[in-house]
Amino acid sequence: MTLPTVDQIQQALAQVMDPELGRSIVELGMVRDIQIQEGEVAITLVLTTPACPLRNQIKAQVEAAAEAVPGVKNVSVELGAMSDEERRRALSSKSPASQLNKIGRVVAVISGKGGVGKSSVTALLAASLQRQGYSVGVLDADLTGPSIPRLFGITGPVQGVPLGILPVETRTGIKVISTNLMLPDENMAITWRGSIMSRAIRQFWEDVLWGSLDYLLVDLPPGTSDATLTVMQSLPLDGIVLVTMPQRLATMVVRKTVDMACNMQVPIFGIVENMAYYPCLESGVKHEIFGQSHADEVAQAAGAPILGRLPIDPDLAALGDSGEIEHYEPVEFVQLVEAFTAAVSVLDPASLEPEAAD
Ligand code: ADP
């Protein structure tokens, strides 16, 4: 009987696709090692993340593919996780747009529950970074509840060119992509299932001509949904910012998000507590309208610093409603952005400096 070769096993495994990324596990560099002895095949497989929810599915497909090679008596699969560098390489895409894009840091903004001001914080963070001289993009991954275009007062439709999709620019030059910039009417509902959502998010990453960006902020839907999983698993995220507010419920659900980020080994850069208090202009007293702060507890659970506590400010709501959020420059945000860039710079202190103004 002929004995199987490493090449034959490799060819068989090339047919196995990563269900999330839609590419062959061999092409993605997930097959780290193949050993064969007398028809006994031992495969070492490295996943993009150790907590990959599809690990058993991928393992079963690898076993079946290798067992189908003539002469194979037994297959054992050992699972491991990619290094950061391997992961970055695997998740970089060969699409024409991503070959041209040069993106510094990819940071997701996430909250446990809706309505805590996550999109407002994403937009304000983008605007503040842009003001400081960084080039910034916002990928609105909240596909079914996109509010980023409205906050910046921008509308579609986005333009398609042979190399990819052009994002829409805000008045200060922040590049934005969102499903709302693709719909003929912003009130149209999107009723996509999980797998289509995942593909759309991948497409926003791969097929959009972002150009050269210091920061790409990804506005995630609230909670631990499919879209969140896709972003954590298939975008080369550097880390996340967690937005919460003082309510007990918000604190409880944000902990689930912390748990998910820890499982997926995505660093948490810090916590933003929004609507933390209402400052009385006359007395200077800070009224805790939504209750006492739990930011310390969340920060402790996340093992991350509090980047800032933002007040309730009707001006913010009004400017957001009128699409002029870039005009909002609260003092609290100056420190918040400093804390944010400091947290990010720990990754590689020399890598990101804003370009000097001309
Ligand atoms: P999320 O993205 O978490 O659903 P949004 O950013 O859409 O939340 O904010 C929900 C609503 O709360 C919006 O109307 C927004 O203008 C308002 N809002 C957010 N943060 C503040 C704040 N600090 N003060 C006053 N209103 C706020």
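Distance between the pseudo-spin-label points of Asn56 and Thr5 (7 Å out from Cα toward the beta carbon): 3.7 nm. Across the range 1-131, Cα pairs under 8 Å and at least six residues apart give a relative contact order of 22 percent.
Restricting to the chain, what percent of DSSP beta bridges are antiparallel, rounded to 5?
Details: 15 of 52 bridges.
For the chain, the DSSP antiparallel bridge percentage is about 30.
Legend: calculated FRET efficiency, Asp33 to Gln300, from the Cβ-Cβ distance at R0 = 35 Å, rounded to 0.05, equals 0.30. FRET efficiency for the pair Ile196 and Gln15, taken as 1/(1 + (r/R0)^6) with r the Cβ-Cβ distance and R0 = 25 Å, rounds to 0.60. Per-residue Karplus couplings for the range 56-73, computed as 6.51 cos²θ - 1.76 cosθ + 1.60 with θ equal to phi - 60°, are listed in order as 5, 5, 5, 4, 4, 5, 5, 4, 5, 5, 6, 5, 6, 6, x, x, 7, 9 Hz, Gly and Pro entered as x. Between Glu67 and Glu288, the modelled label-to-label distance comes to 5.8 nm, taking each label 7 Å out from Cα in the direction of the beta carbon. Normalised by 2.2 N^0.38 Å, with N the number of residues, the alpha-carbon radius of gyration of the range 213-358 equals 1.12. Projected label points at His327 and Lys256, each 7 Å from Cα along the beta carbon direction, are separated by 3.8 nanometres. Calculated accessible area for the chain comes out at 46 Å² per residue, all protein chains present (probe 1.4 Å; ligands, DNA, RNA ignored). Starting from the Cα of Lys94, draw a straight line to each of the lysines and keep only those under 18 Å, dropping any in the same chain fewer than 8 residues away. The qualifying lysines are Lys102. Taking the accessible area of the chain, probe 1.4 Å, and keeping the other protein chains in place, the carbon and sulfur fraction comes to 50%.
Using a 10 angstrom cutoff on alpha carbons, build the Gaussian network for the chain and name the most mobile of Cys280, Cys262, Cys52. Ranking Cys280, Cys262, Cys52 by mean-square fluctuation puts Cys280 first.
Of the beta bridges in the range 228-358, as assigned by DSSP with both residues counted there, near 20 percent are antiparallel.
Note on Lys73: lysines with a C-alpha under 22 Å away, same-chain residues under 8 apart excluded, are Lys59.
The values are calculated or read from the model by the stated rules, or taken from the named source; none is laboratory data. None of the values given here were measured: they were computed from a predicted structure. FYI the Cβ positions are ideal-geometry reconstructions off the backbone, even for glycines, and counts take in every protein chain you see. Surface accessibility is based on the protein's heavy atoms, side chains included, excluding ligands, DNA and RNA. Shrake-Rupley method; radii C 1.70, N 1.55, O 1.52, S 1.80 Å.
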